[in-house]
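**Student:** Before I ask anything, let me first share the structure, which is written out below as structure tokens.
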Amino acid sequence: MSKTVTITGAAGQIGYQLAFRIASGQLLGADEKINLSLLEITPALDALKGVAMELEDCAFESLVEITISDDPNEAFKDSDYAFLVGAKPRGPGMERSDLLQENAKIFSAQGKAINENSSRDIKVLVVGNPANTNALIAMSNAPDIDQSAFTAMTRLDHNRALAQLASKLGCHSSELSNMTIWGNHSTTQYPDVSNLKLEGEKILSRLDHAWIKDNFIPRVQNRGAEIIKARGLSSAASAASAAIDHMRDWTLGTKDNDWVSMAIPSDGSYGISKGIIYSFPVTCESGSYSIVQNLEIDNFSKESMEITETELLDEKAAIEHLL
Ligand code: NAD
Ligand code: LMR
């Protein structure tokens, strides 16, 4: 049985990376057959045709079918996995609340189309910013789909944190585990190293607290802006890579004795308000995720988790009338 993977904004920077990596088998393994369903806005359809032509030219073994469309109802038909990447970027003079409103329209239409057309077992990952609140809007417009199907991406932040820590500790990022990103995919996110392990051993005592607070946390929080400044464009290959990591681990499971960060509907764990999409440490098994419970939270962590929670509650208040 083949799986249908929908990518929105598929002619954009991230979409251009994502489509080829998924079609080549990097999401579900080379043995799983894939139908790619690519959605764009009408003016980008010609460019999207070019992407589809290149996908054909790769002659990927796992790619069965490519459909392109500017109609969300068509693009989400029987979709098993949806990567919601396409979003309106912030234009000159645009306030954050304007950006929220513009994207709210896109994500409410796509939520409705998912509700009407997709597989009932769909897994949705929102990448387009503001990702957490866009995911909340899509979820609220899809009442017939289980709410746990709607997630937003903080895996890029998680991976960025591991890379910074590996460089500081002089190890490889794969030797580190139990990193957590709490909250929003924005500069208020809280990269938390309290439970970090190196080769299975707790490592916090080996890290300088001033470095964590004054260097590491702001670096991870602002890494997106640092990339934009260097490239003149926002991160794309690393974002696509993190999106595949997120969806693959959700589907195939997380490694033993480790967890990942996913922005998911809050169930009230750790005192975080219900009704927002908040990043938690999660383990995944058999296609489902569970929040890691009973972690010790010190005062600094509690305050940091509340700051990013407040931002998400403010974002929600700005688009509440559209939910
Ligand atoms: P891009 O501008 O290169 O591509 C976006 C594409 O989306 C464009 O081709 C555009 O035509 C399309 N699009 C716009 N509205 C659409 C709609 N209603 N339906 C379908 N397609 C639509 O941007 P990009 O670099 O690929 O980034 C995409 C989004 O991902 C941005 O919002 C960016 O801020 C965000 N992002 C998030 C993370 C994260 O970690 N969560 C990381 C990097 C980028
Ligand atoms: C990132 O973290 O790289 C992006 O979310 C930055 C952006 O604003 O597109």
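**Student:** Taking region 84-118, which residues are assigned to a loop (DSSP other than H, G, I, E, B) and within 16 Å of ligand 2 (Cβ to nearest atom)? If you could, list the steps in order and put the result at the bottom.
**Tutor:** Of the residues in region 84-118, the ones assigned to a loop (DSSP other than H, G, I, E, B) are 85-95, 118.
Result: V85, G86, A87, K88, P89, R90, G91, P92, M94, E95.
**Student:** Across region 262-295, which residue is nearest to ligand 1 (Cβ to nearest atom) among those that are out of contact with any Phe, Trp or Tyr (no Cβ under 7 Å at 6 or more places or on another chain) and of a type in the set (S, T, Y)?
**Tutor:** Y278
**Student:** Listed residues L156, L165; which is away from ligand 1 (no atom under 12 Å from the Cβ) and in contact with a helix residue (DSSP H, G or I) (Cβ under 9 Å, 6 or more places away or on another chain)? Outline the logic, then answer.
**Tutor:** Numbers: L156 fails: away from ligand 1 (no atom under 12 Å from the Cβ).
Of L156, L165, the one residue that is away from ligand 1 (no atom under 12 Å from the Cβ) and in contact with a helix residue (DSSP H, G or I) (Cβ under 9 Å, 6 or more places away or on another chain) is L165.
**Student:** Before we move on, is I212 surrounded by 16 or more Cβ atoms within 10 Å (Cβ to Cβ), within 16 Å of ligand 2 (Cβ to nearest atom) and over 20 Å from V126 (Cβ atoms)?
**Tutor:** Values: surrounded by 16 or more Cβ atoms within 10 Å (Cβ to Cβ): yes; within 16 Å of ligand 2 (Cβ to nearest atom): no; over 20 Å from V126 (Cβ atoms): yes.
No; evaluated as a whole, the condition is false for this residue.
**Student:** Out of all the residues in region 42-58, is one or more out of contact with any strand residue (DSSP E or B) (no Cβ under 6 Å at 6 or more places or on another chain), in a loop (DSSP other than H, G, I, E, B) and free of Cβ contacts under 8 Å to residues at least 60 places away in the same chain?
**Tutor:** Pass one, region 42-58, residues out of contact with any strand residue (DSSP E or B) (no Cβ under 6 Å at 6 or more places or on another chain): 42-47, 49-51, 53-54, 56-58.
Pick out the ones that are also in a loop (DSSP other than H, G, I, E, B) and you get none.
Scanning region 42-58 turns up no residue that is out of contact with any strand residue (DSSP E or B) (no Cβ under 6 Å at 6 or more places or on another chain), in a loop (DSSP other than H, G, I, E, B) and free of Cβ contacts under 8 Å to residues at least 60 places away in the same chain.
Here is a yes/no grid of residues against (1) β-branched (V, I, T); (2) part of a helix (DSSP H, G or I):
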{"site": "M1", "(1), (2)": "no, no"}
{"site": "Q17", "(1), (2)": "no, yes"}
{"site": "I22", "(1), (2)": "yes, yes"}
{"site": "S37", "(1), (2)": "no, no"}
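**Student:** Kindly establish whether S37 is in contact with a strand residue (DSSP E or B) (Cβ under 6 Å, 6 or more places away or on another chain), within 30 Å of T254 (Cβ to Cβ), surrounded by fewer than 22 Cβ atoms within 10 Å (Cβ to Cβ) and of a type in the set (S, T, Y). Lay out the reasoning, then the answer.
**Tutor:** Values: in contact with a strand residue (DSSP E or B) (Cβ under 6 Å, 6 or more places away or on another chain): yes; within 30 Å of T254 (Cβ to Cβ): yes; surrounded by fewer than 22 Cβ atoms within 10 Å (Cβ to Cβ): no; of a type in the set (S, T, Y): yes.
The answer is no for S37.
**Student:** Got a sec? Which of I307, I276 is surrounded by 19 or more Cβ atoms within 10 Å (Cβ to Cβ) and out of contact with any strand residue (DSSP E or B) (no Cβ under 6 Å at 6 or more places or on another chain)?
**Tutor:** Of I307, I276, the one residue that is surrounded by 19 or more Cβ atoms within 10 Å (Cβ to Cβ) and out of contact with any strand residue (DSSP E or B) (no Cβ under 6 Å at 6 or more places or on another chain) is I276.
**Student:** May I pose another question? Kindly establish whether Q189 is within 16 Å of the chain's Cα centre (by Cα) and either within 25 Å of S238 (Cα to Cα) or not assigned by TED's automatic domain parsing to the domain that holds S235 (or both).
**Tutor:** Working: within 16 Å of the chain's Cα centre (by Cα): yes; either within 25 Å of S238 (Cα to Cα) or not assigned by TED's automatic domain parsing to the domain that holds S235 (or both): yes.
Considered against the rule, which asks whether it is within 16 Å of the chain's Cα centre (by Cα) and either within 25 Å of S238 (Cα to Cα) or not assigned by TED's automatic domain parsing to the domain that holds S235 (or both), Q189 comes out as yes.
**Student:** If A230 meets every condition in (1) on the phi > 0 side of the Ramachandran plot; (2) of a type outside the set (V, I, T); (3) within 16 Å of ligand 1 (Cβ to nearest atom) apart from one, which number is that one?
**Tutor:** (1)
**Student:** Quick test for you: out of A230, A240, A263, pick the one residue that is surrounded by 13 or more Cβ atoms within 10 Å (Cβ to Cβ), part of a helix (DSSP H, G or I) and assigned by TED's automatic domain parsing to the domain that holds I181. Explain how you work it out, then say what you get.
**Tutor:** Details: A230 fails: surrounded by 13 or more Cβ atoms within 10 Å (Cβ to Cβ); A263 fails: part of a helix (DSSP H, G or I).
Matching residue, one of A230, A240, A263: A240.
**Student:** May I pose another question? Which of the residues belonging to region 2-20 are of a type outside the set (G, A, S) and within 16 Å of the chain's Cα centre (by Cα)? Write out each step before concluding.
**Tutor:** Restricting attention to region 2-20, the residues satisfying the condition of being of a type outside the set (G, A, S) are 3-8, 13-14, 16-18, 20.
Within region 2-20, V5, T6, I7, T8, Q13, I14, Q17, L18 meet the criteria.
**Student:** Name the pairs whose Cβ atoms lie under 8 Å apart, with the first residue in region 185-196 and under 10 Å from H158 (Cα atoms), the second aliphatic (A, V, I, L, M) and part of a loop (DSSP other than H, G, I, E, B), and 6 or more positions between them or separate chains?
**Tutor:** P191/M179; D192/M179
**Student:** Going through region 119-132 one residue at a time, which ones are more than 16 Å from ligand 2 (Cβ to nearest atom) and surrounded by 24 or more Cβ atoms within 10 Å (Cβ to Cβ)? First the steps, then the outcome.
**Tutor:** Restricting attention to region 119-132, the residues satisfying the condition of being more than 16 Å from ligand 2 (Cβ to nearest atom) are 119-124.
Once the filter is applied, which keeps residues that are more than 16 Å from ligand 2 (Cβ to nearest atom) and surrounded by 24 or more Cβ atoms within 10 Å (Cβ to Cβ), region 119-132 yields only V124.
**Student:** For region 127-173, name all the residues that are among the small types (G, A, S), more than 23 Å from A240 (Cβ to Cβ) and not in a helix (DSSP H, G or I). Give the derivation first.
**Tutor:** Step one: list which residues in region 127-173 are among the small types (G, A, S), which gives 128, 131, 135, 138, 140, 142, 148-149, 152, 161, 163, 166-167, 170, 173.
Okay, now just the ones that are also more than 23 Å from A240 (Cβ to Cβ), so 140, 142, 148, 170.
Across region 127-173, the qualifying residues are A142, G170.
The values are calculated or read from the model by the stated rules, or taken from the named source; none is laboratory data. Keep in mind the model is a prediction, meaning the values are calculated, not measured. Using ideal geometry, Cβ is built from the backbone for each residue, glycine included, and neighbour counts are taken over all protein chains shown.
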